[in-house]
Amino acid sequence: MSGKLLVLEGTDASGKSTQFERLCAFLDERGISYRRLVFPRYQEESSALIRMYLGGQFGEHPDDVSAYTASTFFAVDRYASYQTEWKDYYENGGLVLADRYTTSNAVHQASKLEEEEQKAFLDWLFDFEYRIMGIPAPDDVYFLDMPTEAVHDLLEHRQGKTQDIHEQDMEYLKHCYQTASKLADTFGWHRIRCTQDGRIRTIEDISAELTAAVLRAIP
Ligand SMILES: Cc1cn([C@H]2C[C@H](O)[C@@H](COP(=O)(O)O)O2)c(=O)[nH]c1=O
């Protein structure tokens with residue numbers, strides 16, 4: 001009996017990590033058992049090429065590494081995680097929550113391609129990760145819809161900190177947001193709007209909506 005895999009997706013600086021923490025804390029309080037995954041797994045050996053890529057060792061711009069090539073780096077890390085950490089739990093019916101997943105390749109790597117090339121890429125990506133590598137496809141995806149303009153100041157402020165090659169490229173991030181928004185419609189992801197009337201909603205407000213949506217998906 002397969003378990004359930006729920007994925008939280010969002011562009012850089014969308015508040016995703018904070019929301020993921022809150023969601024996990026809520027499930028902990030309720031005594032709901034689940035496994036928690038965060039991708040990329042920077043501390044693990046399987047993320048070596050991700051760290052090289054995001055650190056700029058293959059080029060300083062996201063486009064320096066093709067969507068297909070970069071996707072394989074992230075896919076390998078997920079494969080290693082599945083095989084060593086959660087395959088048995090999931091196959092025995094467990095609930096798994098992931099902060100980013102294959103959907104992050106769909107958003108951040110498809111954004112490197114022209115619109116007319118994206119469908120072929122997404123077909124390839126899902127076939128590669130879900131069928132060839134054999135990792136599970138998500139049951140539900142929750143997309144934190146935070147327009148890049150809304151976090152522009154925050155991103156500028158982060159300039160002082162060490163940023164990866166994605167975060168350094170504002171145009172690329174805007175493009176990723178547009179792609180994510182389009183994919184949410186195409187694939188029926190749950191859209192959690194993080195702004196209202198041009199203002200960012202409170203963390204608590206967004207969290208309440210996300211938590212309620214996730215609770216509806218679990219038995
Ligand atoms: C997990 C994952 C992340 N990414 C991107 C999203 C972020 O811009 C960047 C690093 O992720 P992070 O900001 O969550 O640490 O890598 C992919 O392109 N594909 C993936 O599969």
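The values are calculated or read from the model by the stated rules, or taken from the named source; none is laboratory data. Remember, predicted model here, so these are calculated numbers, not experimental data. No Cβ is skipped: glycine too gets one built from the backbone with ideal geometry, and neighbour counts run over all protein chains shown. SASA here: full protein model, heavy atoms, side chains in, ligands and nucleic acids out. Shrake-Rupley method; radii C 1.70, N 1.55, O 1.52, S 1.80 Å.
Spin-label model, ASP164/GLN178: points 7 Å from Cα along the beta carbon direction are separated by 2.3 nm. For LYS112, the lysines whose Cα comes closer than 19 Å to its Cα, not counting residues fewer than 8 places off in the same chain, are LYS174, LYS182. About its Cα centre, the dipole of the chain is roughly 660 debye, where the only charges are +1 on Lys and Arg Cβ and -1 on Asp and Glu Cβ. Full extension of the segment from ILE200 to ALA48, taken as 0.36 nm per residue of separation minus the current Cα-Cα distance, would add 51.2 nm. Extending 7 Å from Cα along the Cβ direction at TYR68 and again at TYR130 yields two label points whose distance is 2.1 nm. Determine the distance separating the Cα centre of region 97-145 from the Cα centre of region 201-219; give it in Å without decimals. That distance is 23 Å. Accessible area per residue, 1.4 Å probe, Å², for region 4-217: what's the number? With all protein chains present, region 4-217 gives 49 Å² per residue.
Near GLY10: Cβ cut-off under 10 Å, other residues only, Lys/Arg at +1 and Asp/Glu at -1. The net charge is -2. Largest first, the residues PHE26, PHE187, PHE74 sort by 1.4 Å accessible area into PHE187, PHE26, PHE74. The residues packed around MET1, meaning those with a beta-carbon under 14 Å from its beta-carbon, carry a net charge of -1 if Lys and Arg are +1 and Asp and Glu are -1. Can you work out the PRE-style zone for CYS24? Point 7 Å along Cα to Cβ, and I want the residues of region 60-90 with backbone N under 15 Å. From region 60-90, the list is 86.
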